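What follows is a set of notes on a single structure, which appears directly below.
The values are calculated or read from the model by the stated rules, or taken from the named source; none is laboratory data. Here the structure is a predicted model, which means the values were calculated and not measured. Every residue, glycine among them, receives a Cβ derived from its backbone with ideal geometry; neighbour counts consider all protein chains shown.
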Amino acid sequence: MHLTRRNLIAAAIALAGTSVTFNALAAKPLVIGFSQVGAESEWRTANTVSIKDAAKKAGVTLKFADAQQRQENQVKAIRSFIAQKVDVIAFSPVVESGWDTVLREAKAAKIPVILTDRDVNVTDKSLYVTLIGSDFVEEGRRAGRWLVDYAKKTPGKVLNIVELQGTVGSAPAIDRKTGFEEVTKGNAQLKLLRTQTGEFTRAKGKEVMEAFLKAHGKNINVLYAHNDDMAIGAIQAIEEAGLKPGKDIVIVSIDGVKGAFEAMMLGKLNVTVECSPLLGPQLMQAAQDVVAGKPVAKRIVTEERVFPAEVAAKEFPNRKY
Ligand code: GZL
């Protein structure tokens, strides 16, 4: 049972014997402080909408802070939530490391912390209650498996790959690289030419792809992008170089945002591995359970699929983000 502010007040009232009932307390909306990474991609925008909509539906008071992809802004926001004595702190950590101190401050203030989307690298796992989000290593494996199968269509042909990584030090960038390499390493047909971060944004993805094309041009056969936004930026660079994305350069991406389905329907993207941003309802449920003293699983994994271009037109009308 978490000794939260709500529980302590209830105990004080019971002791004081006043007429205020717990119901009056129970009616007080839950207050969640949420620190978001930023607004760097279609995925992130959809994630923010999901969290805000779910808070409204659940009658939760949401204090929302956009960190503009800077860890120091997230630390500041978490400290502000502690000072405001919110009931629960939730956040999507922009990078894995550097959280021990501020999470120890939240623990000392007896405010439970929930991670959404991305993991943290802390020695003391009691610093957070649960992580709600995707298995990024499996997403990398799924991207790799699609490419291994694709390569089998041209036995013996070497495919030169360039990779656009996500934000340096972030869980999705680290894990998607790990999963992809786990499946593709040792495959004689698959050769990694270049790998560099595109910071999960369209603009940086385009800029880095331009540099890859300048260095390797027509020798590039495959682009592996850690998210659809960088893939969409790269598609612009490929077209401006006079090449056909999806044909001259096969593109494997991750997220499954609407922009990726539109590119697949135009024949410019070959496959996207789904990574659901719709974490809002699960976050609200977990926060309410934590405050009620109910058990919450340490890891809540979202279910996801792989969408090759062949199914894009059929699936597009069903997409929620
Ligand atoms: C993944 C999420 C990543 C997305 C990107 O869960 O953290 O961050 O793949 C987003 O689009 O910027």
All but one of (1) over 27 Å from V158 (Cα atoms); (2) modelled with pLDDT of 95 or more hold for T302; which doesn't?
(2)
State whether one or more residues within the stretch 171-178 are on the phi > 0 side of the Ramachandran plot, surrounded by 20 or more Cβ atoms within 10 Å (Cβ to Cβ), within 14 Å of the ligand (Cβ to nearest atom) and not charged (D, E, K, R).
no
Based on what the data block shows, is N221 within 23 Å of T195 (Cα to Cα) and either touching a Leu at 6+ places or on another chain (Cβ under 8 Å) or more than 16 Å from the ligand (Cβ to nearest atom) (or both)?
yes
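Rundown of residues vs (1) among the β-branched types (V, I, T); (2) in a loop (DSSP other than H, G, I, E, B), yes/no style:
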residue: K107; (1), (2): no, no
residue: L115; (1), (2): no, no
residue: R118; (1), (2): no, yes
residue: V122; (1), (2): yes, yes
residue: S126; (1), (2): no, no
residue: L131; (1), (2): no, no
residue: Y150; (1), (2): no, no
Quick one: in the stretch 114-155, which of the residues that are touching a Leu at 6+ places or on another chain (Cβ under 6 Å) and of a type outside the set (S, T, N, Q) is farthest from V31 (Cα to Cα)?
A151
F212 passes all but one of the listed conditions (1) touching a residue at least 40 places away in the same chain (Cβ under 8 Å); (2) within 16 Å of the ligand (Cβ to nearest atom); the exception is number (2)
Answer from N227, N270, N318 - the residue that is touching a strand residue (DSSP E or B) at 6+ places or on another chain (Cβ under 9 Å), over 21 Å from D175 (Cβ atoms) and among the polar types (S, T, N, Q)
N270
Test V95 against the stated conditions and say whether it is part of a loop (DSSP other than H, G, I, E, B), β-branched (V, I, T) and closer than 23 Å to V301 by Cβ.
yes
Quick one: would you say I235 is touching a Cys at 6+ places or on another chain (Cβ under 7 Å) and crowded, with 18+ Cβ neighbours inside 10 Å?
no
Conditions: (1) assigned by TED's automatic domain parsing to the domain that holds T45; (2) surrounded by 13 or more Cβ atoms within 10 Å (Cβ to Cβ); (3) touching a residue at least 24 places away in the same chain (Cβ under 8 Å). R299 meets all but one. Number of the miss?
(2)
Determine the pairs where a residue that is outside the structural domain of A143 (by TED's automatic domain parsing) and at pLDDT 95 or above, located within the stretch 167-183, has a partner that is part of a helix (DSSP H, G or I) and within 12 Å of the ligand (Cβ to nearest atom) with Cβ atoms under 7 Å apart, the partner being 6 or more residues away or on another chain.
none
